[in-house]
Amino acid sequence: MNPATLPTVALHPLLDEVTRRIVERSRDTRAAYLARIRAARADGTHRRALSCGNLAHGFAACAETDKQRLRAGDAPNLGIVTAYNDMLSAHQPYEPYPERIRAVARRLGHTAQVAGGVPAMCDGVTQGRAGMELSLFSRDVIAMSTAIALSHDMFDAVVCLGICDKIVPGLLIGALAYGHLPTVFVPAGPMPSGLPNHEKSRVRQRYAEGKASRDELLAAESASYHSPGTCTFYGTANSNQMFMEIMGLQLPGSSFVNPGTPLRDALTEAAVEQVFRITHAAGDARPIGEVVDERSFVNAIVGLHATGGSTNHLLHLVAMAAAGGIQLRWDDFDALSRAVPLLARIYPNGSADVNQFHAAGGIGFVIRELGGAGLLHLDARTVWGLSLADYAQSPRLDGAQLRWQPLQAPSGDDSVLRPAASPFRPDGGLRLLDGPLGRAVIKVSAVQDDRWIVQAPARIFHDQDEVKAAFQRGELDRDVVVVVRFQGPAANGMPELHKLTPLLAVLQQRGWRVALVTDGRMSGASGQVPAAIHCTPEAAHGGGLARLRDGDLVTVDAVRGRLEVGIEAAEFAAREPAAADLSPHRAGFGRELFAAFRAAVGPADLGASVLA
């Protein structure tokens, strides 16, 4: 690997201020976490501590060479936690990874075992279906499954195989529970570019208007989602890959290399080699609980703003940080957004896909530009190199040899990726909203400036299918704030309301002033329609949305950061909160198994977690 490639630059004062605030807020919880993981290491987690019966069970099914190495106890053993399944195009390439990883381990004189699998559902399949009500909760199930996988105490290090929406956050939360173990995340890459995302969006909107047939829509969707690999738009899955790299938990430049290519295979093998280099036995121990610190999460937030990433990470990053004893707040996101420029235009914030973003310079370019502007903690620890400063590089194959090289100075395409000196926007385009309706977040990086403030009468719904029916009856052809309530984590698991995107876009294109307000999620693919989402307290807990009535004048103001209703405060507070019949969401499709989750889940601004 090459030495650090970026010079030391003074931190932007706001970045420094926010980081110090997080450190101070987290002082006690972070100290308790570090004491716990250091005790776990000191207490002895090596296989020598296992009884003979324990150990015999642990290697009974191994190949003879592996069995002898595990019996001797000297060679490091790598635990593989995999989210492989055939339902996720992004995860299907992981099928042969365990054997490839074992082969690398054997070549090095070490061993590797699949410690366990974690569930991995595809939000693209469950959008608008009952199964989506399990989606957010799956993150915490994945975290628990990761903990179970590693509970055998057979491992010196871990590799996590996961990419998509809730899987990476869940894997990281679970890995932080075993924070004394070095851990590397191994991506599998995006599918090659298919039908351009803007064309797919156009067909979706035509279908919503009844101008395209189901066959036409299916043909467009199939041409867009067409092969193994991550979907190519910049939603939650690809935002995951960005922040795993900018947090230094993956190899530099590895996020967006296509599956099944020689470079992808070389990066996978290099990741396995690297995780063995950072074990305690190798002398350069980098336990994940110490690698990931306050600087890492600030870097992740900065990366999210600079690339226009998924709003779902206002939930996930908060929950992930809490797993390491770090207390993030939405105020931190809001403050940093005002200082971080938008450097990338990737669909839905532009027309390019992640393959074009990667070709233009990708995450390495973003790290270089932000670091040069003092907007990253370049001294943050990483699993590769000396620090994040080493991540402004790109991998390439020189014959059969994998090498990293410094990025070329200019962007490969300044319509996709720009330097910090000439960004698309001077800020990150995310705002925290507050007011009598509660706290919410809004992503405005793709919203036209004249739509940042929308004031219109409310139309109240308790289900996204009700919105679709009203749209088809022509009842929404006016200035309107569509309010979809009782969609929070305690109500029904906080599903993404993805069905609303084309409907609201059509209304806006017809010239109406339209906004969405909801205590649900809108998806990492939300874009041009202003949407105040994750509103908390949620309606099921008596939040302000439960007091709204049809016709109330609602203001969504992303300029001042306000979410208001044109009713006197005393009158509004005195209103009886509305109730909703949530029984249809309590059973079927496994939802009855998650009653304890709905009862225990925390609020959206604390990560919507059941694990706190």
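Things to note:
- Qualifying residue in the range 87-108 (condition: in a strand (DSSP E or B) and touching a helix residue (DSSP H, G or I) at 6+ places or on another chain (Cβ under 9 Å)): no
- Considered as a group, the residues in the range 108-136 that are more than 30 Å from Phe276 (Cβ to Cβ) and aliphatic (A, V, I, L, M) include one that is nearest to the chain's Cα centre (by Cα), and that residue is Leu136.
- Candidates are the residues of the range 64-110 that are of a type in the set (Ser, Thr, Tyr) and buried (at least 16 other Cβ atoms within 10 Å of the Cβ); the one that is farthest from Thr146 (Cα to Cα) is Ser89.
- Residue identified as under 14 Å from Ala531 (Cα atoms) and either in a loop (DSSP other than H, G, I, E, B) or without any contact (Cβ under 8 Å) to a residue 12 or more places away in the chain (or both) among Ser415, Ser422, Ser445, Ser411: Ser445
Residues checked against (1) crowded, with 19+ Cβ neighbours inside 10 Å; (2) more than 18 Å from Leu342 (Cα to Cα); (3) in contact (Cβ under 8 Å) with a residue 24 or more places away in the chain:
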site	(1), (2), (3)
Val366	yes, no, yes
Glu369	yes, no, yes
Leu375	yes, no, yes
Ala380	yes, yes, yes
Gly385	yes, yes, yes
Gln393	yes, yes, yes
Gly399	no, yes, no
Arg403	no, yes, no
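- Subset of the range 174-216 [under 28 Å from Val383 (Cβ atoms) and surrounded by fewer than 17 Cβ atoms within 10 Å (Cβ to Cβ)]: Pro192
- In the range 134-145, the residues that are over 8 Å from Val118 (Cα atoms) and modelled with pLDDT of 95 or more reach residues that are part of a helix (DSSP H, G or I) and of a type in the set (Phe, Trp, Tyr) with C-beta atoms within less than 6 angstrom, at least six apart or across chains, in these pairs: Phe137/Phe594; Phe137/Phe597.
- Against the numbered list (1) in contact with a Pro (Cβ under 9 Å, 6 or more places away or on another chain); (2) in a helix (DSSP H, G or I), Asp465 comes up short only at (1).
- Entirely in the range 231-312, the helices (runs of 4 or more DSSP H) that have 1 or more residues that are open to solvent by less than 10 Å² (accessible area, probe 1.4 Å) and modelled with pLDDT under 95: 236-246
- Of the strands (runs of 3 or more DSSP E) lying entirely inside the range 498-612, those carrying at least 2 residues that are open to solvent by 30 Å² or more (accessible area, probe 1.4 Å) and not aliphatic (A, V, I, L, M) are 562-565.
- Scanning the range 475-497 for residues that are modelled with pLDDT of 95 or more, among the charged types (D, E, K, R) and buried (at least 24 other Cβ atoms within 10 Å of the Cβ) gives a single hit, Arg485.
- Test: Val114 is open to solvent by 10 Å² or more (accessible area, probe 1.4 Å), in contact with a strand residue (DSSP E or B) (Cβ under 9 Å, 6 or more places away or on another chain) and part of a strand (DSSP E or B): yes
- In the range 68-85, the qualifying residues are those that are part of a loop (DSSP other than H, G, I, E, B) and in contact with an Asp or Glu (Cβ under 8 Å, 6 or more places away or on another chain), and the one that is farthest from Val186 (Cα to Cα) is Pro76.
Okay, residues lined up against (1) charged (D, E, K, R); (2) more than 26 Å from the chain's Cα centre (by Cα); (3) under 12 Å from Glu294 (Cβ atoms); (4) part of a helix (DSSP H, G or I):
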{"position": "Leu11", "(1), (2), (3), (4)": "no, no, no, no"}
{"position": "Asp16", "(1), (2), (3), (4)": "yes, no, yes, yes"}
{"position": "Glu24", "(1), (2), (3), (4)": "yes, no, yes, yes"}
{"position": "Ala35", "(1), (2), (3), (4)": "no, yes, no, yes"}
{"position": "Arg41", "(1), (2), (3), (4)": "yes, yes, no, yes"}
{"position": "Asn54", "(1), (2), (3), (4)": "no, yes, no, yes"}
{"position": "Gly58", "(1), (2), (3), (4)": "no, yes, no, yes"}
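- For the range 219-230, the tally of residues that are open to solvent by 10 Å² or more (accessible area, probe 1.4 Å) and either of a type in the set (Ser, Thr, Tyr) or without any contact (Cβ under 8 Å) to a residue 24 or more places away in the chain (or both) stands at 5.
- Count of the range 411-470 residues which are open to solvent by less than 10 Å² (accessible area, probe 1.4 Å), within 20 Å of Val366 (Cα to Cα) and modelled with pLDDT of 95 or more: 2
The values are calculated or read from the model by the stated rules, or taken from the named source; none is laboratory data. Everything quoted here is computed from the prediction, not taken from an experiment. Glycine gets a Cβ as well: all are built from the backbone with ideal geometry, and neighbour counts include every protein chain shown. Surface accessibility is based on the protein's heavy atoms, side chains included, excluding ligands, DNA and RNA. Shrake-Rupley method; radii C 1.70, N 1.55, O 1.52, S 1.80 Å.
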